[in-house]
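Visitor: First, the structure itself, so that you have it in front of you.
The values are calculated or read from the model by the stated rules, or taken from the named source; none is laboratory data. What you see is a predicted model; the values in this text were computed from it and never measured. All Cβ positions, even for glycine, are placed from backbone atoms using ideal geometry, and neighbour counts span all protein chains on display.
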Amino acid sequence: MNMKRWMKGLSVSLMLVAAAAGFGGCGSSGGGSGQQPFTIAYAPNESTEQSADARSALSADLGKALGREVKEISASDYNGIIEALRTKKADMAYLGAEGISLANQRLDGNVDVIVMKAPDGDKAKALYHSVFITRADRSDINSLQDVKGKKMAFVDPGSTSGNLIPTSMLMKAFANENLDSETLHMNEKFFSSAMFSGKHQASIQAVAKGDVDVAAVSDQILQAEINSGNVQAGDIKVIATSDPIPSEGMIIRADMDQNLRKTLTDFLLQYNNEDYFTKVIKVKGARFVEASKADYQPIIELNQLLSK
């Protein structure tokens, strides 16, 4: 896949078709006021069947706080979420740092981050990592230097830990080869094959089953998959870990009504439904803390560099 073309955006007509086809209703709560529903968009990693009840609970509670119906939509990829924000099909979205960076680019800066995920509600811990993983029994793969020529799984073009950061790590690790993002995402170039799995969970399972040799995923989602029993810790090994990445955040359009913005922010900062943070956010004990677009500036700048 040509990453440079993707980073610069698809044509408006194709984007509108993708947005219309890529969304599914996840439910709604509250309502009856006659106002338009408030809509939250979730990515595939957060909109799993197992987390449906927890998402619905937040929608119900938020509906009471707003005095209007709250709906959820799920997108087939990060690109669909960004387009939903741009076309006002979504009012708020939960995105990682790269998704926030791309939304900022697509909406010409008309986005703000209001809160971000933080373990134990401590902003100093509002960080995670990208990890390269392989099967524990692969004695031939022990570091990034061993991944050339292997079958590689990225997550999504708009994923921070599943694409942007691992791409930059590979370019740095193999600096003498003058790699670019396009080459790293093509078959029979640097990798024997390269694919986007669509979800961190799918990449983890692809490694565990031997469908791919290596994958890059979020360390927090990997741990959540281990905790849930979907993969055994002893079956997977980490061969490389990134520098810290700012946690996912809730984003809105910057032109949102200030009273609505304050109500949203206050609600999210006080929200403490453990089910939501364990099943949707995937970090037990996490809470939302105040955030702004400035928290993601390093990723915004890295995205600009790699998309040139």
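Visitor: For the structure I just gave you, tell me whether ILE204 is of a type outside the set (S, T, N, Q), closer than 27 Å to VAL111 by Cα and either in a strand (DSSP E or B) or touching a residue at least 60 places away in the same chain (Cβ under 8 Å) (or both).
Guide: no
Visitor: To continue, here is another question. List every residue pair whose Cβ atoms sit under 7 Å apart, with the two residues 6 or more apart in sequence or on different chains, where the first one lies in the range 42-54 and is surrounded by fewer than 21 Cβ atoms within 10 Å (Cβ to Cβ) and the second, anywhere, is among the charged types (D, E, K, R).
Guide: Cβ pairs passing all conditions: GLN50/LYS279; SER51/LYS279; ALA54/ASP275; ALA54/LYS279.
Visitor: Now for a separate question. Within the range 219-242, which residues are in contact with a His (Cβ under 7 Å, 6 or more places away or on another chain) and surrounded by fewer than 13 Cβ atoms within 10 Å (Cβ to Cβ)?
Guide: Across the range 219-242, the qualifying residue is only THR241.
Visitor: Which residue pairs have Cβ atoms under 8 Å apart, sit 6 or more places apart or on different chains, and have a first residue in the range 96-115 that is buried (at least 22 other Cβ atoms within 10 Å of the Cβ) and a second that is small (Gly, Ala, Ser) and in a helix (DSSP H, G or I)?
Guide: Here the result reads GLY96/SER161; VAL111/ALA103, each pair linking the range 96-115 to a residue that is small (Gly, Ala, Ser) and in a helix (DSSP H, G or I).
Visitor: Now for a different question. Here are some residues: LYS237, LYS209. Which one is free of Cβ contacts under 8 Å to residues at least 24 places away in the same chain, among the basic types (Lys, Arg) and not assigned by TED's automatic domain parsing to the domain that holds ASP77? Steps first, answer last, please.
Guide: Numbers: LYS237 fails: free of Cβ contacts under 8 Å to residues at least 24 places away in the same chain.
Every option except LYS209 fails the conditions.
The rows are residues; the columns are (1) modelled with pLDDT under 95; (2) part of a helix (DSSP H, G or I).
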position	(1), (2)
ASP137	no, no
ASP140	no, no
ALA153	no, no
ASP156	yes, no
LEU170	no, yes
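Visitor: Here's another thing I want to ask about it. Which residue out of SER130, SER159, SER203, SER197 is touching a His at 6+ places or on another chain (Cβ under 8 Å), among the polar types (S, T, N, Q) and closer than 23 Å to ASN230 by Cβ?
Guide: Details: SER130 fails: touching a His at 6+ places or on another chain (Cβ under 8 Å); SER203 fails: touching a His at 6+ places or on another chain (Cβ under 8 Å); SER197 fails: touching a His at 6+ places or on another chain (Cβ under 8 Å).
On inspection, the qualifying residue turns out to be SER159.
Visitor: Name every residue in the range 39-57 that is in a helix (DSSP H, G or I) and touching a strand residue (DSSP E or B) at 6+ places or on another chain (Cβ under 8 Å), in order of residue number.
Guide: Passing the criteria: ALA52, ARG55, SER56.
Visitor: Looking only at the range 59-81, count every residue that is modelled with pLDDT of 95 or more, buried (at least 21 other Cβ atoms within 10 Å of the Cβ) and part of a helix (DSSP H, G or I) and tell me the total.
Guide: Residues in the range 59-81 being modelled with pLDDT of 95 or more, buried (at least 21 other Cβ atoms within 10 Å of the Cβ) and part of a helix (DSSP H, G or I): 3 in total.
Visitor: Moving on. Consider GLY162 carefully, then state whether it is of a type outside the set (A, V, I, L, M, F, W, C), crowded, with 17+ Cβ neighbours inside 10 Å and assigned to a helix (DSSP H, G or I).
Guide: yes
Visitor: Quick one: in the range 98-113, of everything that is assigned to a loop (DSSP other than H, G, I, E, B) and within 11 Å of ARG86 (Cβ to Cβ), which residue is nearest to the chain's Cα centre (by Cα)?
Guide: By that ranking, first place goes to LEU107.
Visitor: Residue check: is SER203 more than 20 Å from SER143 (Cα to Cα) and within 21 Å of the chain's Cα centre (by Cα)?
Guide: When the stated conditions are applied, SER203 does not pass them.
Visitor: Of the residues in the range 243-286, how many are among the small types (Gly, Ala, Ser) and either surrounded by 20 or more Cβ atoms within 10 Å (Cβ to Cβ) or assigned by TED's automatic domain parsing to the domain that holds HIS200 (or both)?
Guide: Taking the range 243-286 first, the residues among the small types (Gly, Ala, Ser) are 247, 249, 254, 285-286.
Applying the additional criterion that residues be either surrounded by 20 or more Cβ atoms within 10 Å (Cβ to Cβ) or assigned by TED's automatic domain parsing to the domain that holds HIS200 (or both) yields 247, 249, 286.
Residues in the range 243-286 being among the small types (Gly, Ala, Ser) and either surrounded by 20 or more Cβ atoms within 10 Å (Cβ to Cβ) or assigned by TED's automatic domain parsing to the domain that holds HIS200 (or both): 3 in total.
Visitor: Also, I was wondering about something else. Going by the conditions given, is ASN176 farther than 28 Å from ILE82 by Cα, polar (S, T, N, Q) and either modelled with pLDDT of 95 or more or in a helix (DSSP H, G or I) (or both)?
Guide: Working: farther than 28 Å from ILE82 by Cα: yes; polar (S, T, N, Q): yes; either modelled with pLDDT of 95 or more or in a helix (DSSP H, G or I) (or both): yes.
So ASN176 fits the description; yes.
Visitor: If you check GLN205 against the conditions, is it at pLDDT 95 or above, within 26 Å of GLN50 (Cα to Cα) and loosely packed, with under 14 Cβ neighbours inside 10 Å? Before you say what the answer is, go through the steps one by one.
Guide: Details: at pLDDT 95 or above: yes; within 26 Å of GLN50 (Cα to Cα): yes; loosely packed, with under 14 Cβ neighbours inside 10 Å: no.
Taking the combined requirement at face value, the residue does not satisfy it.
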